[in-house]
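The block underneath contains the structure these notes are about, expressed in structure tokens.
The values are calculated or read from the model by the stated rules, or taken from the named source; none is laboratory data. Keep in mind that this is a model prediction, so the values were computed, not measured. Every residue, glycine among them, receives a Cβ derived from its backbone with ideal geometry; neighbour counts consider all protein chains shown. Surface areas here come from the heavy atoms of the whole protein model, side chains and all, with no ligands, DNA or RNA. Shrake-Rupley method; radii C 1.70, N 1.55, O 1.52, S 1.80 Å.
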Amino acid sequence: MSSAVLSEPYRAEFDPNGQEFSLAGVIRPRSVDEIAATVTQLKQAIDDARGILYFNVKRLAQMNNTAFHAFARAFLDACRTRSDIRFVIVTSSVVGWTERMFRHLGNIEPQITVEVYDSKFYPGQTLVEDISFIPILRTQTKMTWRHERTILPRHGMGPGIHMADICCGIGDFAVLVRKEFQPARIVALDHSKASLAYARDVATNFGITDIEYTYGDASEMLLEDNQFDLVTCRHSLQIFNQPDLLLKELYRICKPGGRVYITNEKNSHCLGEPRAQSIQWTYDEVAKLFAHFEMDVELGPKRRRYLTDAGFDDIRLETFLGTNLEGDPQDFADIITAWENVYAGEMAVKRGDPPEFIERFRQGFRDHIFSALHPKGYVGWPIWAASGRKPL
């Protein structure tokens, strides 16, 4: 990759192999002269490109009209002299102004198109962001927190650290951490505006005002390198279709010597007794259902490989089991009901499963609920936790 790193606060890079020109940071020149070198670099990239040139602005936090018109002119001039080239502007919904700004170019020039990156990156996201699912997420956190509050110190948690909770969801984990461990700073980032709104309410209800809730794309975060002593990402790698890309971002924002902590599931290992056979069949089918939507709820045991491949060392592994014997069994039953409603009531329908399959699918959840509430019953939800250190 050839690149030119320009004076802060922005960066420009060109990857000739992928034919991708990237901008990141803040570009607010008072005159075009201030960014002349970058415009020249872009024009040279256009001259060298064949077929499609990608213009990546996923990490462009701000840009004024002076910069926009300079870059737009380079594209429009090329379109008028070369019929053999196309431009794809790669944006993110996190920085929605880039889509609106560059969409205008696509409207006036058919050789220019705008592609919203994260709309393709999260193929199953809308299925697991239903607002009705929020209350049950709090119950799930209550169940896992009994275990995590004990194991987190072994993975880098402690007072005074700088921490990021990526894919923070409804924010309850960040609040619990803030109360229990007193980090000096917590940044909590998520791609769901509804979840973040709920998270802010949760923090307010607890009188917590110093958690920095941030809207962002976990695979292209507008966060600087090497910032955090501990980066957490719980139950989230499994709903990304490219978890390795997310781990690269977690690695990037973690300080050398800091740790990245992840939790994931192997859904087919959910267990229950009595009616074990029906329960096992349904959770095997849950794993297949998620795979259809490019999500891997079997990821838990793969954690060591993923962390190793991402460049982490000193990998620490733990497993714990949430059961109906902890607290109120009805809590576990409520979680299963929510799973049934989303998995059988929405995802299986969207996949196009026939009614007879969906009925058998639902029966396994109902049998799981029966086991959770049975006076002699036992149900379990296994969680795989792991962390890796970013080498010094």
- Please find, within the stretch 215-233, the residue that is nearest to LYS288 (Cα to Cα) out of those that are open to solvent by 30 Å² or more (accessible area, probe 1.4 Å) and not hydrophobic (A, V, I, L, M, F, W, C). GLU220
- Task: Would you confirm whether any residue within the stretch 342-362 is modelled with pLDDT of 95 or more and closer than 30 Å to LEU307 by Cα?
- Result: no
- From the set of residues in the stretch 26-37 that are within 20 Å of TRP97 (Cβ to Cβ) and not in a loop (DSSP other than H, G, I, E, B), which is modelled with the lowest pLDDT? VAL26
- The lone condition THR40 fails out of (1) in a helix (DSSP H, G or I); (2) β-branched (Val, Ile, Thr); (3) under 17 Å from GLU13 (Cα atoms); (4) at pLDDT below 90 is (4)
- For the subset of the stretch 246-261 comprising residues that are modelled with pLDDT of 95 or more, touching a Phe, Trp or Tyr at 6+ places or on another chain (Cβ under 8 Å) and not charged (D, E, K, R), which member is most open to solvent (accessible area, probe 1.4 Å)? TYR251
- Message: I need the full set of residues from the stretch 5-25 which are closer than 10 Å to ALA67 by Cβ and either in a helix (DSSP H, G or I) or modelled with pLDDT of 90 or more (or both), in order please.
- Response: LEU23
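Results for (1) aromatic (Phe, Trp, Tyr); (2) more than 20 Å from ASN107 (Cβ to Cβ); (3) in a strand (DSSP E or B), shown as yes or no for each residue.
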residue	(1), (2), (3)
LEU53	no, no, yes
ARG59	no, yes, yes
THR66	no, yes, no
PHE71	yes, no, no
CYS79	no, no, no
VAL88	no, no, yes
- Pairing a residue in the stretch 64-92 that is open to solvent by 30 Å² or more (accessible area, probe 1.4 Å) with any residue that is in a helix (DSSP H, G or I), where Cβ atoms lie under 7 Å and the two sit 6 or more apart in sequence or on different chains, gives THR66/VAL32
- Among the numbered criteria (1) open to solvent by less than 30 Å² (accessible area, probe 1.4 Å); (2) free of Cβ contacts under 8 Å to residues at least 60 places away in the same chain, which single criterion is violated by GLY352? (1)
- Scan (1) under 20 Å from VAL260 (Cα atoms); (2) free of Cβ contacts under 8 Å to residues at least 24 places away in the same chain for the single condition ARG154 breaks and write down its number. (2)
- Task: Scan the stretch 16-46 for residues that are open to solvent by less than 40 Å² (accessible area, probe 1.4 Å) and under 17 Å from ARG86 (Cβ atoms) and jot them down.
- Result: GLY18, GLN19, PHE21, LEU42, ALA45, ILE46
- Query: Looking at this structure, is TYR306 of a type in the set (Ser, Thr, Tyr), in contact with a helix residue (DSSP H, G or I) (Cβ under 9 Å, 6 or more places away or on another chain) and more than 28 Å from LYS376 (Cα to Cα)?
  - Reply: yes
- Report yes if some residue within the stretch 305-312 is at pLDDT 95 or above, of a type in the set (Val, Ile, Thr) and open to solvent by 50 Å² or more (accessible area, probe 1.4 Å); otherwise report no. yes
- Query: Which ones in the stretch 183-195 are modelled with pLDDT under 90, surrounded by fewer than 22 Cβ atoms within 10 Å (Cβ to Cβ) and of a type outside the set (Gly, Ala, Ser)?
  - Reply: LYS193
- Message: Quick check on THR263: is it within 30 Å of PRO159 (Cα to Cα) and under 19 Å from the mean Cα position of the chain (by Cα)?
- Response: yes
- Of all residues in the stretch 93-112 being touching a residue at least 24 places away in the same chain (Cβ under 8 Å) and not in a helix (DSSP H, G or I), the one that is surrounded by the fewest Cβ atoms within 10 Å (Cβ to Cβ): GLU109
- Item | Sole residue being among the acidic types (Asp, Glu), open to solvent by less than 30 Å² (accessible area, probe 1.4 Å) and modelled with pLDDT of 90 or more, chosen from GLU180, GLU212, GLU148 | GLU148
- Query: Could you say whether any residue in the stretch 117-137 is open to solvent by 20 Å² or more (accessible area, probe 1.4 Å), at pLDDT 90 or above and of a type outside the set (Gly, Ala, Ser)?
  - Reply: no
- Message: Show the residue pairs meeting these rules: Cβ distance below 7 Å; 6+ apart or different chains; first residue within the stretch 1-17 and among the basic types (Lys, Arg); second residue modelled with pLDDT of 75 or more and surrounded by 10 or more Cβ atoms within 10 Å (Cβ to Cβ).
- Response: ARG11/ALA24; ARG11/GLY25
